[in-house]
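Structure first, commentary second.
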Amino acid sequence: MTHATRPPDAIQQTVRWPDRRILDLFDISHPILLGPMAGAGTPKLAIAVGEAGGLASLPGAMYQPDELRAAIAAVRAGLPGRPLNVNFFCHTPPVPDPVRAMRWRTRLAPYYVEHGLDPQATPPAGGRAPFDATLCALVEETRPEVVSFHFGLPDPALLARVKATGAKVISSASTVAEAKWLEARGCDAIIAMGLEAGGHRPTFLGTDVAGDMAGDMSRQVGTFALVPQVADAVGVPVIAAGGIADARGIVAALALGASAVQVGTAFLLCPEAKIPAVHRAALEAAGDDSTALTNLFTGRPARGIMNRVMREVGPLCADAPAFPLAGGALAPLRAAAEAEGRDDFTNLWAGQAARLAPRLPAADLTRKLAADALARLAPTA
C-alpha cells in the first residue's frame, strides 16, 4: 500500500513531523499556525484550529482592550490547556497630513457623489491600534503562550515585559535583513512571509512612503525563495507564510528549511471566519492572478483581490494617507456598495493560492492539511 492509499490515521501513527522545534516550542501537535487575520479572525476560528492540533491565533490589532480580553477568555474557555497566540501591530502612528488627506478625499469625491454621499462630510478615522503600554498590561494579565508582532517589534522595554510573562515571541520578516534584525532582538521564531501572502506586507526596514512604494514592492521576495535564505541566515526556527493553502505547500516549505507554516487565506473560506458575503464570493471566484498589492484601504501595501477602486484609482496611489488612516474615507463607500451586494470598495484580503484551499470547517481543514502533508512525507511501501 502506498502513502496515497494508506488511511490518514495510520499515517499519523507511523509518520512524524521531520522538525519538531516549533511543535515543542509552542506545545502543539501539527506545525500549522492560524494566520491572525485582523478583521476576519474570531475566537471560534481560533478554537477550531487549536482543537485540531494547530496554533490558535487572535488578531489583537482590531480589538479594543475590553473586547480583546473577552475574546481571549472565550478561547481559554473553549480550548482549555491549549496554547494561544495573540498578534499585535507595531506601526508608529502617523503625523497628521491635512494636505494629503484632502488630496485623498478629492480623489474619492466622484464616488461619494455617485452614491449620494456628501464628499465634504468628515470621514470616520481609520483605526488599527499599535502595541502600547495598555496592550502590554493586557498581555501581562492574560498571559498568552505566544505573542506575535507585525511591522517589526515594540519598544525594547515593552518587549522585555512581554518576554517576562514567559510568552514566546515571534514576528514576520519579508527579507533576510529583517529576519536577522528580529533574531538579534530576541524572537523565538521568525515568520518568513513571501510576496504571495494575503493581507499586509510585514515590511519594516524598507521605506514605507507612498512615493517609493511601487519600487519597494517590486523587490519583494516570494515565499519559496525567501524561506531557505532566512533558514540559512538565522538560528531560530522559521515559519513559512504566503501561498500555502494545501499539503503540497506545507511539504515544500518544510523541504526548504521551514519548521512550520502559517496559513491565512485558506481559513478565510471556513464558516468560522468573519468576512462579508462579498468577500467570500470574491474568494470563491479568485484565480491565481486575481490579487494585487494595494495601499488604498489602509495606507500600507497589502495583498487583496482586485476590485473597482483598485482598478480605477490604484492599486498603489501616492494620495492615500499613511497607515492606518486611508480606510476612513473609504468606509462610507464600502457600506453603501456592500448594501447593494457589491465589493467595489471592500478590502478583499487574499493570497495568491486561494483557489487551492479545501472548503471545510476550520478543524477539518487543519486535520486535512496535517494528514495530507504527513501522507506525502510517508515513505512508500
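The values are calculated or read from the model by the stated rules, or taken from the named source; none is laboratory data. What you are looking at is a predicted structure, and each value in this text was computed from that prediction instead of being measured. When we count neighbours, we look across all protein chains shown, and the Cβ atoms used for this are built from the backbone with ideal geometry, even at glycine. Only protein heavy atoms, including side chains, enter the accessible area calculation; ligands, DNA and RNA are left aside. Shrake-Rupley method; radii C 1.70, N 1.55, O 1.52, S 1.80 Å.
For the chain, just the Cα atoms, rotate onto the principal axes and tell me the three extents in Å, largest first.
68, 45, 41
If I model a spin label as a point 7 Å beyond the Cα along the Cα-Cβ vector, how far apart are those points for ARG219 and ARG103 in nm?
2.2
Given a Förster distance of 25 Å, report the FRET efficiency between GLU114 and ALA285 from their Cβ-Cβ distance, rounded to the nearest 0.05. Intermediate results must be reported in sequence, preceding the final value.
On the way: r = 24 Å, r/R0 = 0.97.
After rounding to 0.05, the efficiency reads 0.55.
What distance in nm lies between label points placed 7 Å from Cα along the C-beta direction at ALA184 and ALA133?
Using points 7 Å along Cα→Cβ, the separation is 2.9 nm.
Give, in nm to one decimal, the length gained when the segment between ARG143 and ALA318 is fully stretched (0.36 nm per residue of separation minus the Cα-Cα distance).
Values: separation 175, 0.36 × 175 = 63.00 nm, distance 4.01 nm.
Result for the pair: 59.0 nm of gain on full extension.
Work out the length of the dipole vector of region 26-144 about its Cα centre, built from +1 on the beta-carbon of each Lys and Arg and -1 on the beta-carbon of each Asp and Glu, and round it to the nearest 20 debye. Can you show the working numbers first?
Working: 10 positive and 10 negative charges, 46 e Å.
About 220 debye.
Kindly write out, for region 234-241 in residue order, the coupling ³J(HN,Hα) from the Karplus curve 6.51 cos²θ - 1.76 cosθ + 1.60 (θ = phi - 60°), rounded to whole Hz, with x marking Gly and Pro.
So the J values, rounded to whole Hz, are 10, x, 8, x, 10, 10, 7, 9.
Taking amide hydrogens as modeled 1.01 Å from N in the peptide plane, which residues meet the under 5 Å criterion relative to LEU195, leaving out close sequence neighbours?
Result for LEU195 returns VAL221, GLY222, THR223.
Hey, what's region 261-381 come to in accessible area per residue, 1.4 Å probe, Å²? Don't jump to the answer; show the numbers that get you there.
Working: 4220 Å² over 121 residues.
Value returned for region 261-381: 35 Å² of accessible area per residue.
Output ³J(HN,Hα) for region 187-194: one whole-Hz value per residue in order, computed from phi by the Karplus curve 6.51 cos²θ - 1.76 cosθ + 1.60 with θ = phi - 60°, and x for Gly and Pro.
3J(HN,Hα) across region 187-194, in whole Hz: 5, 7, 7, 10, 8, 8, 9, x.
Karplus couplings for region 305-320 from phi (6.51 cos²θ - 1.76 cosθ + 1.60, θ = phi - 60°), rounded to Hz, Gly and Pro as x?
Ordered by residue, 3J(HN,Hα) equals 6, 4, 9, 4, 5, 5, 6, 8, 10, x, x, 10, 9, 5, 7, 5 Hz.
In region 280-381, which trypsin sites (Lys or Arg not before Pro) are in a loop and have at most 16 other Cβ atoms within 10 Å, using DSSP for the loop call?
Numbers: sites: ARG280, ARG303, ARG308, ARG311, ARG334, ARG342, ARG355, ARG359, ARG367, LYS368, ARG376; in loops: ARG342, ARG359.
Listed in order of number, the matching sites are ARG342, ARG359.
Would you grab the residues whose amide H sits under 5 Å from the one on HIS200? Only those 5+ places off in sequence or on another chain, please, with H modelled 1.01 Å from N.
The list, which skips near neighbours in sequence, is ARG303.
Where in region 23-37 does the amide nitrogen come within less than 15 Å of the point 7 Å from the Cα of ALA331, taken along Cα to Cβ?
No residue qualifies, since no backbone N sits under 15 Å from the label point.
THR92 versus ASP155, label points 7 Å from Cα toward the beta carbon: distance in nm?
1.3
Please list, ordered by chain and number, the residues whose modelled amide H lies under 5 Å from the amide H of LYS168; skip anything fewer than 5 residues away on the same chain.
VAL146, VAL147
Suppose R0 equals 22 Å. What FRET efficiency, 1/(1 + (r/R0)^6) with r the Cβ-Cβ distance, do ARG355 and ALA255 give to the nearest 0.05? Walk me through the numbers on the way to the answer.
Numbers: r = 23 Å, r/R0 = 1.03.
Between ARG355 and ALA255 the formula returns 0.45.
Any idea what the relative contact order of region 139-276 is, in percent, if you count C-alpha pairs under 8 Å spaced at least 6 apart?
Working: 233 pairs, mean separation 28.1, N = 138.
After rounding, I find 20 percent.
Given PRO93, TYR63, TYR111, which one lies farthest toward the positive end of the charge dipole of region 30-111, if we put +1 on the Cβ of every Lys and Arg and -1 on the Cβ of every Asp and Glu?
Toward the positive end, the furthest listed residue is TYR111.
Report in % the part of the accessible area of the chain that belongs to carbon and sulfur, leaving out ligands and nucleic acids; probe 1.4 Å. Mind dumping the intermediate values first?
On the way: 8350 of 15080 Å².
About 55 percent, which is the carbon plus sulfur part of the accessible surface.
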